[in-house]
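Enquirer: Encoded as structure tokens, here's the structure I'll be asking about.
The values are calculated or read from the model by the stated rules, or taken from the named source; none is laboratory data. This one's a predicted model, so the numbers in the text were calculated from it and none came from an experiment. Cβ sites come from the backbone with ideal geometry, for glycine too, and all protein chains shown count toward neighbours. When the accessible area is computed, the model is the full protein with side chains, heavy atoms only, and any ligands, DNA or RNA have been set aside. Shrake-Rupley method; radii C 1.70, N 1.55, O 1.52, S 1.80 Å.
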Amino acid sequence: MPIPKRTHLNTNEPDLQIQITDDGSRTLVRTDLGDAYHSGCGAISESRHVYLNNSGVADRLQQGLATRVFEVGLGTAMAALATIDLAQRYQTSLDFHAVDLRIPDAATLRQLNPESWIDDATLAERFLQWRSNTRSATAPGRVDWMVSDTVRLTVDLISLLDWPPAGTANDLKPFDAIYFDPFAPATDPQLWTESVFAKMRRHIAPEGRLVTYCVNRQVRDCMAAAGWSVDRVRGPVGGKREVLIASPGSGG
């Protein structure tokens, strides 16, 4: 089946273009490398299926269970904002941590129509205002958004290889879910290694899950070598055939 020709729009950031994906939602594409932040088959569909649903986070929040999430590759903040929206809807405590080298400009994010990703459009506007007021959103550094008394977003602007930042490791409780969403192994091979997955396993709760879009055999082997139990499951409708769910194995 031929790959559909998708519409691209320019942004005020020379290395970023907007791509309108097949479900109508918008994502970003790096013009230097051609990598998209989400699947062209449907950005919001992928985010909800791969991250919120497969991780169990959507169910946890609906059940009122306080939840901690770590996202590798905040990107456009689509998955983060969708998760925060659910936490607000169900009035559930959420501590959402993420790591990335950069957060796109507020003007670029506004062009993505983030209000279309979630139920509460006012939350999207608050997010854009927060980004506008964030002076430094490139590495190194840390930025926080206190969404409410019980919902918080913390972004460490560093490489995953340097995470957690000095002085914070002892403060990090285990995460209930890890959204593993860096660029593909061909682009960022250093983030898809056994040592990285071993680090992730040290920060996951015993019943937690790591979820990702990548089903590469070498990646699965690295996960298994790091002690994860890895399963390929059905991907989002209209998107990738399979995606991954990993849980911490019983080994030390």
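Enquirer: Is it true that some residue in the range 20-32 is open to solvent by less than 10 Å² (accessible area, probe 1.4 Å), without any contact (Cβ under 8 Å) to a residue 40 or more places away in the chain and not aromatic (F, W, Y)?
Expert: The answer is yes; a qualifying residue exists.
Enquirer: Something else: Looking only at the range 206-229, how many residues end up being more than 24 Å from C41 (Cα to Cα) and part of a strand (DSSP E or B)?
Expert: Number of matching residues: 6.
Enquirer: Mind listing whichever residues of the range 185-195 are crowded, with 18+ Cβ neighbours inside 10 Å and assigned to a helix (DSSP H, G or I)?
Expert: L191
Enquirer: While we're looking at this one, here's another question. (1) within 16 Å of K240 (Cβ to Cβ); (2) hydrophobic (A, V, I, L, M, F, W, C); (3) out of contact with any strand residue (DSSP E or B) (no Cβ under 6 Å at 6 or more places or on another chain); (4) at pLDDT 95 or above: which one isn't true of F180, the others all being true?
Expert: Among (1) within 16 Å of K240 (Cβ to Cβ); (2) hydrophobic (A, V, I, L, M, F, W, C); (3) out of contact with any strand residue (DSSP E or B) (no Cβ under 6 Å at 6 or more places or on another chain); (4) at pLDDT 95 or above, F180 violates only (3).
Enquirer: If you don't mind, another one. Select, from A58, A66, A43, the only residue that is among the hydrophobic types (A, V, I, L, M, F, W, C) and closer than 14 Å to D85 by Cβ.
Expert: Checking each option against the conditions leaves just A58.
Enquirer: If you check P248, P236, which single one turns out to be in contact with a helix residue (DSSP H, G or I) (Cβ under 7 Å, 6 or more places away or on another chain), over 18 Å from P182 (Cα atoms) and touching a residue at least 60 places away in the same chain (Cβ under 8 Å)?
Expert: Every option except P236 fails the conditions.
Enquirer: Filter the range 173-184 down to the residues that are part of a loop (DSSP other than H, G, I, E, B) and open to solvent by 30 Å² or more (accessible area, probe 1.4 Å) and list them by number.
Expert: Scanning the range 173-184 gives K173, P174, F183, A184.
Enquirer: Then there's this: I'd like the full set of residues that are under 15 Å from the mean Cα position of the chain (by Cα) and of a type in the set (K, R), limited to the range 97-132.
Expert: Within the range 97-132, just R102 meets the criteria.
Enquirer: Here is a further query. All but one of (1) in a helix (DSSP H, G or I); (2) of a type in the set (S, T, N, Q); (3) in contact (Cβ under 8 Å) with a residue 40 or more places away in the chain hold for T83, so report the exception by its number.
Expert: Status for T83: all satisfied but (3).
Enquirer: Could I ask something else about it? Take V57 and tell me if it is open to solvent by less than 40 Å² (accessible area, probe 1.4 Å), of a type outside the set (S, T, N, Q) and free of Cβ contacts under 8 Å to residues at least 24 places away in the same chain.
Expert: Considered against the rule, which asks whether it is open to solvent by less than 40 Å² (accessible area, probe 1.4 Å), of a type outside the set (S, T, N, Q) and free of Cβ contacts under 8 Å to residues at least 24 places away in the same chain, V57 comes out as no.
Enquirer: Give the range 114-130 a look and list any residue that's free of Cβ contacts under 8 Å to residues at least 40 places away in the same chain and part of a loop (DSSP other than H, G, I, E, B), or say none.
Expert: Within the range 114-130, I118, D119, D120 meet the criteria.
Enquirer: Another question about this same structure. Cβ contacts < 6 Å: first residue within 20 Å of R60 (Cβ to Cβ), restricted to the range 195-208; second residue open to solvent by 30 Å² or more (accessible area, probe 1.4 Å) and acidic (D, E), any location; separation 6+ or different chain. Result?
Expert: From the range 195-208, the pairs are A205/D176; G208/D176.
Enquirer: When the range 86-113 is examined, which residues are found to be outside any helix (DSSP H, G or I) and either polar (S, T, N, Q) or open to solvent by 60 Å² or more (accessible area, probe 1.4 Å) (or both)?
Expert: Result: Y90, Q91, T92, S93, L101, R102, N113.
Enquirer: What residue, among those in the range 67-78 that are in contact with an Asp or Glu (Cβ under 6 Å, 6 or more places away or on another chain) and buried (at least 23 other Cβ atoms within 10 Å of the Cβ), is nearest to T154 (Cα to Cα)?
Expert: So the residue we want is L74.
Enquirer: Go through (1) among the hydroxyl-bearing types (S, T, Y); (2) touching a residue at least 40 places away in the same chain (Cβ under 8 Å); (3) open to solvent by 70 Å² or more (accessible area, probe 1.4 Å) and name the single condition S159 misses.
Expert: All conditions pass for S159, except number (3).
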